[in-house]
Structures are given as structure tokens and as C-alpha cells.
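Working notes, beginning with the structure itself.
The values are calculated or read from the model by the stated rules, or taken from the named source; none is laboratory data. Please read all numbers here as calculations on a predicted model, not as lab measurements. Cβ coordinates were reconstructed from backbone atoms using ideal geometry, including for glycine residues, and neighbour counts include every protein chain displayed. Note: accessible area is taken over every heavy atom of the protein model, side chains too, but ligands, DNA and RNA are not part of it. Shrake-Rupley method; radii C 1.70, N 1.55, O 1.52, S 1.80 Å.
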Amino acid sequence: MSRFFSQRHEALVPYTPGEQPSGQKLIKLNTNESPYPPSPAVLAAAQAEAGRCNLYSELQPQELTNAMAQLLGVDAENVMMTNGSDEALYLSFLAFFDEKRPVAFPDITYGFYTVYADLFHIPQTIIPLEQDFTIDPAKYESIGQNVVIANPNAPTGRMLPLDKIEGIVRSNPDHIVLIDEAYVDFGGVSAVSLTRKYDNLLVVGTFSKSRSLAGARLGYVVGDPALIRDLNTIRYSLNPYNVNRMTAAAGLAALRDNDYYMANCRRIIETRQWVTDRLCAMGFEVLPSATNFILAKTPKMGGRELYTRLREKGILVRYLGGERIREYNRITIGAREEMEAFIRAVEEIIGG
Ligand SMILES: *Cc1c(COP(=O)(O)O)cnc(C)c1O
């Protein structure tokens, strides 16, 4: 820390991203990316737009926003496009939470929630997941605080049904309930339709997982028009040109190619079932997943050791550590061939 670093941030512990190794031939199952490339139309659209990069991007990519709204069944004034969903999350934290407006979320969830709350000095109520790593909705109903829930949750993969989400939203009418739907396309049920009915609900989504654009950075947030206007006030105060031209063009093409991406999601769901069955046959415990990853442990070996032994064999999974999930690894569901290599490696390590 330099002697110039603001005292406000002295105690800040930043988010730890998954490794992005360069130059090594690893099978990468550690950051929940899609194993499938963007569709040809997406590549063509991004390339065509690159020639216009001398001009600033649109303040809000209108065609993309309209197409997104149409796909979600809402109006364009209900939608704001962002630079990855991480931006949608921190703009929401900045806009709606503060020292006097605390936020509640589970102990095991997306690591950025606590980092943003720390960065912005927002008090946090951390609610432990149940023994089976599910969320007990009763612990959030009428809590009288802002709430952030990833649904399906990460890194557990477990999902809350829509009526439970609605109960949390309905019982906290004077607080924001933010649902992070990064993984909704892998078997979740979206809460977007509820944004028509509740003015305190925000739903955040991303093109990083199901739409093969993690490296392009594109996300969105859906909610009541008044909430979207507030979010725009903050966005215009930080980075009005937040979605670059190539990404906006790529995102629009991706929405037009929706069938390609939804077919990829179905392949991932099939592969997820195959991997789960194989691991269970080897004595693993695998949490039920509605996402493109699984959280798994074996009684035969500690979580960190399995991570290390897999890495030696060129397979990178995510070991998260932490008290309650130290025995587990989070394994992204890749292409079928990648997962066959993963299963072979596990068999060699723990002896089939
Ligand atoms: C991956 C992820 C995000 C962030 O995705 P972006 O790449 O910033 O769109 C947000 N929430 C959860 C739960 C995630 O797993």
C-alpha cells in the first residue's frame, strides 16, 4: 500500500477472480465461461463495427436495448445495458444502498457482493445458507433491508422457485430486492416478469455465461422505469459510454441468434447430467445444479488436494476454500470431450 492510498480503503479485500492462465494448454473449467465460441454472425457484426471505433459508442445502445427488452417481454424503459453484469451490480449498490440502507445476502454466494458493500461502506447482513446449501426464503421475508440473491446461486448451483422469490419481494415493499440471474439459462426460472408487478425488484443478467461473450463484457438490469432512471443517473456520473461499439453489435447479433445459444445451453445441461452421474458413481457428493457448473466433493480426498492433482494433469477447476465449502471444488461444465478428459483424470487420481 502506498502512503497515498485513501484511508477509506485501507481494509478493503478485493475480489479474487479465477485464474486466467495464458500460454498453457489447460482444460479450463474454473470460471464458468462457455466452451462454445460466439456464432459467426456475432463475429461478423463485431468486426464490421470495429471500423467505426473512431466514434464514441451510443450512450445506450438503442437497438440492443430494444431487442433485449423484446426477448425479456418488457419495455425498453425497463432495461439498461451494462459493461458486464458486474457493472449492473455495482451501479445498483451505489444507487440504492448506503450506510443507512444495509443489504442482506447469503454467506456462500457471488464474492463480489461483499466486496462492493465493503468498497461503498454499506453495512451487510450475512445470512448462512441451510445445511444443504439452499436458501431459506423465510430468512429474507419481511427482513426490512435490501436483499441481493443470486438465483440460481453461485457457487452452489442451487435454485429458489419463483414463488419464493416473489414472497421475498412482496414482503419487503420498501426495500430493493436484487436477483442476479447470471445462470438462469441453464435451468432457472427468471423473475423478470415480476418487474411489471413490483417497483422494488431489480433483475440482473449477463451475456458472459450462456451467450459466449465473457470477454466482450455485456450485462443488463431490468426493473421499474424509475429504478432504471436512477441507475442511469449513476451511470452517467461514472461512465456514460459503458458498452463499447463492438460489444453492442456483438450483443445484438447474439440476441438475433438466440436459438444457437439456447441449443448450447441444452448441450451443457445434458453434459452436466452426464458428469454428475459419473462423479456420483465414483462416490462423489454433487449438489443439484441449475447452472453451468457443479459443486462436488469426494470422501476420498480433500478439496484442495484434488484441485492440485487435477491441475498437474492440465485440468483447471475452481477451489474456493472457506470454512463451509473447503472440501468442495466448483467445476464448470465444458464441452463433452473436455468433461470426458476431466472424468478420466479424476478416475486416475482417486482410482475409479
Ligand atoms: C459470472 C457472474 C457474474 C458476473 O458476470 P459478468 O461477466 O460481469 O457479466 C455476476 N453474478 C454471478 C453470480 C456470476 O457468477
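Some notes on this structure:
- Summary of the geometry: segment 96-122 and segment 262-300, compared by the centres of their Cα atoms, lie 30 Å apart.
- Using the Cβ-Cβ distance between His121 and Ser171 with R0 set to 25 Å, the FRET efficiency from 1/(1 + (r/R0)^6) comes to roughly 0.40.
- Whole-Hz couplings from phi, Karplus 6.51/-1.76/1.60, listed for segment 139-153; x for Gly and Pro: 6, 10, 5, 6, 6, x, 9, 5, 10, 10, 9, 7, 9, x, 7
- A simple packing score, the average count of other Cβ atoms within 10 Å per residue, orders the peptides 35-41, 251-257 as 251-257, 35-41, with the highest score first.
- Rounded accessible area of Thr332 (nearest 10 Å², 1.4 Å probe): 0
- Ranking of Leu59, Leu279 by solvent-accessible surface, largest first: Leu59, Leu279 (1.4 Å probe, protein heavy atoms only, all chains present).
- Under 5 Å, built H, 5+ apart or other chain: amide partners of Ser171: Ser142
- Using the average count of surrounding beta-carbon atoms within 10 Å as a protection proxy, the listed peptides 100-108, 81-89 rank, highest first, as 81-89, 100-108.
- Kirkwood radius, segment 172-329, all distinct C-alpha pairs, inverse of mean reciprocal distance: 18.5 Å.
- Rounded to the nearest 20 debye, dipole of the chain from Cβ charges on Lys, Arg, Asp, Glu: 740
- Positive-pole candidate from Leu227, Ser212, Leu178, dipole of segment 176-227, charges at beta carbon: Ser212
- Relative protection proxy for 210-221, 128-139, from highest mean packing down: 210-221, 128-139 (other beta-carbon atoms within 10 angstrom).
- The share of accessible area on the chain that comes from carbon and sulfur is 50 percent, using a 1.4 angstrom probe.
- Here the chain is treated as an ellipsoid with the same Cα gyration tensor; its semi-axes, largest first and in whole Å, are 31, 26, 21.
- Per-residue Karplus couplings for segment 322-330, computed as 6.51 cos²θ - 1.76 cosθ + 1.60 with θ equal to phi - 60°, are listed in order as x, 3, 7, 10, 5, 8, 9, 10, 9 Hz, Gly and Pro entered as x.
- Ellipticity estimate at 222 nm from DSSP helix runs (n ≥ 4, -39,500 (n - 2.57)) divided over the chain, nearest 500: -11000 deg cm²/dmol
- Taking the centroid of alpha carbons for each part, segment 307-336 and segment 156-170 are 27 Å apart.
- Phi-based couplings in Hz for segment 118-123 (Karplus 6.51, -1.76, 1.60; Gly and Pro marked x): 4, 4, 9, 6, 9, x
- Ordering Ala104, Ala69, Leu89 by the projection of their Cα atoms onto the charge dipole of segment 58-120, which places +1 on the Cβ of Lys and Arg and -1 on the Cβ of Asp and Glu, puts Ala104 at the extreme positive end.
- Accessible surface for Met282 stands near 20 Å², nearest 10, in the context of the full protein assembly shown (1.4 Å probe).
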